[in-house]
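Below is one structure; the comments refer to it alone.
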Amino acid sequence: MNLLEVRNLKVYFPVQHRLFRRATQFLRAVDDVSFIQNAGETLGLVGESGCGKTTLGRSVIRLVEPTSGSVLFEGEDISRLSGSALRARRRKFQMIFQDPYGSLDPRMTVEQIIGEAIDIHKLAQNSAARGKRIEELLKDVGLDPTHAQRYPHEFSGGQRQRIGIARALAVEPRLIVCDEPVSALDVSVQAQIINLLKDLQRAHGLTYLFIAHDLAVVEHISERIVVMYLGKVVELAAARAICRSPRHPYTQALISAVPVVDPDAKRSRIFLPGEVPSPIDPPSGCPFHPRCPIAEARCKTEAPPLRELAPGHRVACHLAK
């Protein structure tokens, strides 16, 4: 069953002229992105910094307003909702932020942070039920309920991220956008948080849109992976297919940069020339052609469609086979 469907989504930010204070150009953070996510699935979203993956995740849950396109959640176009109608639907989709230090209000206790969402959506009949719900959430994420009166600065980074997860779970969502939830944590703590997310997914039937730049982490938690470059989707397939047999030259370069644990294993590194072009003035044709090792003349003028090369494996490349 489709839980989330993104259709031709665009998010453009105006770049103002300093003198005249009007938009003269647009930064194309997300440029005509479409995909479908099934209920209970973890869909990984990867790419270099600045490729638009965080903006895409935020626009899906309306933290960033889309410029055009539509986002269908449970069959309803939430990109058209506003006011009380949007607030009522927001209970079903939440976000876990990248920075466990900046995403929690330092002036609020853990009880207040988690309880705020419960209060807004009126999910507890009385204070006793509210307290019991907060206690259950803290236990679910592996924290001591007796610490509910503590402040965020009294916890480690991993513990703060667990508080953020408990806050997201408080309103019983169906979809959670995880915006690089482990990138700011130590490696040992990363594994704990990833395993916690998988346990919670099984227990509560959650659906994750998991944003990261670490392909090893994404492969471990995701069923399918979307690879983005310069605001566009360049490859979409099952996680195993992406990591074992990538078809797009950009994905192949990303995979070649992943460290190999086995000292006897050999992997030839693919080095891409130049820098990522500016999303304010993207290249014509295929956005990857200035750095692509196999680009041809038509790549400079013709934008490649996202075509299916194998069942469930879609690639935006004229030359991919």
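Here are a few things to note about the model shown:
Yes/no per residue for (1) modelled with pLDDT under 90; (2) touching a Cys at 6+ places or on another chain (Cβ under 9 Å); (3) not hydroxyl-bearing (Ser, Thr, Tyr):
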| residue | (1), (2), (3) |
| --- | --- |
| SER268 | yes, no, no |
| GLU275 | yes, no, yes |
| PRO287 | no, no, yes |
| PRO293 | no, no, yes |
| ARG307 | no, yes, yes |
| ARG314 | no, no, yes |
| CYS317 | no, yes, yes |
| LYS321 | yes, no, yes |
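- Some residue of the range 299-310 being hydroxyl-bearing (Ser, Thr, Tyr), more than 20 Å from ASP32 (Cβ to Cβ) and part of a loop (DSSP other than H, G, I, E, B): no
- Among the residues of the range 46-89, the ones that are in contact (Cβ under 8 Å) with a residue 60 or more places away in the chain and among the basic types (Lys, Arg) come to 2 in all.
- Considering only residues in the range 89-122 that are surrounded by 15 or more Cβ atoms within 10 Å (Cβ to Cβ) and among the aliphatic types (A, V, I, L, M), the one that is farthest from LEU56 (Cα to Cα) turns out to be VAL110.
- Near pairs, Cβ below 7 angstrom, 6+ apart or cross-chain, from the range 132-144 (within 15 Å of HIS204 (Cα to Cα) and among the small types (Gly, Ala, Ser)) to any residue that is surrounded by 15 or more Cβ atoms within 10 Å (Cβ to Cβ) and at pLDDT 95 or above: none
- Picking from residues in the range 123-158 that are under 28 Å from the mean Cα position of the chain (by Cα) and part of a loop (DSSP other than H, G, I, E, B), the one that is surrounded by the most Cβ atoms within 10 Å (Cβ to Cβ) is VAL141.
- Residue satisfying condition, being surrounded by 13 or more Cβ atoms within 10 Å (Cβ to Cβ), within 16 Å of the chain's Cα centre (by Cα) and at pLDDT 95 or above, within set LEU56, LEU72, LEU63: LEU56
- Residues being free of Cβ contacts under 8 Å to residues at least 60 places away in the same chain and in contact with a helix residue (DSSP H, G or I) (Cβ under 7 Å, 6 or more places away or on another chain) - total across the range 178-189: 2
- Per the listing ARG28, ARG80, ARG87, the residue uniquely closer than 20 Å to PRO173 by Cβ and out of contact with any helix residue (DSSP H, G or I) (no Cβ under 7 Å at 6 or more places or on another chain) is ARG87.
- Restricted to the range 200-280, the set of helices (runs of 4 or more DSSP H) holding at least 1 residues that are more than 16 Å from the chain's Cα centre (by Cα), without any contact (Cβ under 8 Å) to a residue 60 or more places away in the chain and within 26 Å of GLN37 (Cβ to Cβ) comprises 239-244, 249-256.
- Test: ALA191 is of a type in the set (A, V, I, L, M, F, W, C) and either farther than 22 Å from LEU56 by Cβ or outside any loop (DSSP other than H, G, I, E, B) (or both): yes
- Check on PRO293, surrounded by 11 or more Cβ atoms within 10 Å (Cβ to Cβ), in contact with an Asp or Glu (Cβ under 8 Å, 6 or more places away or on another chain) and part of a loop (DSSP other than H, G, I, E, B): no
- Looking across the range 179-193 at every residue that is modelled with pLDDT of 90 or more and of a type in the set (Asp, Glu), the one that is nearest to ALA216 (Cα to Cα) is identified as GLU180.
- Residue that is in contact with a helix residue (DSSP H, G or I) (Cβ under 7 Å, 6 or more places away or on another chain), within 30 Å of GLN159 (Cα to Cα) and not basic (Lys, Arg), where the choices are LEU254, LEU206, LEU175: LEU206
- Residue count for the range 10-25, restricted to those that are modelled with pLDDT of 90 or more and surrounded by fewer than 22 Cβ atoms within 10 Å (Cβ to Cβ): 3
- Taking residues in the range 22-43 that are closer than 22 Å to ASP77 by Cα, and partners anywhere that are surrounded by fewer than 16 Cβ atoms within 10 Å (Cβ to Cβ) and of a type in the set (S, T, N, Q), the pairs with Cβ atoms closer than 7 Å and at least 6 places apart or on different chains are ASP32/ASN8; SER34/ASN8; ILE36/ASN2; ASN38/ASN2.
- Members of the range 145-159 that are among the charged types (D, E, K, R) and more than 18 Å from LEU104 (Cα to Cα): none
The values are calculated or read from the model by the stated rules, or taken from the named source; none is laboratory data. Here the structure is a predicted model, which is why all the values come from computation and not from measurement. Don't worry about glycine lacking a Cβ; one is built from the backbone with ideal geometry, like all the others, and counts go over all protein chains shown.
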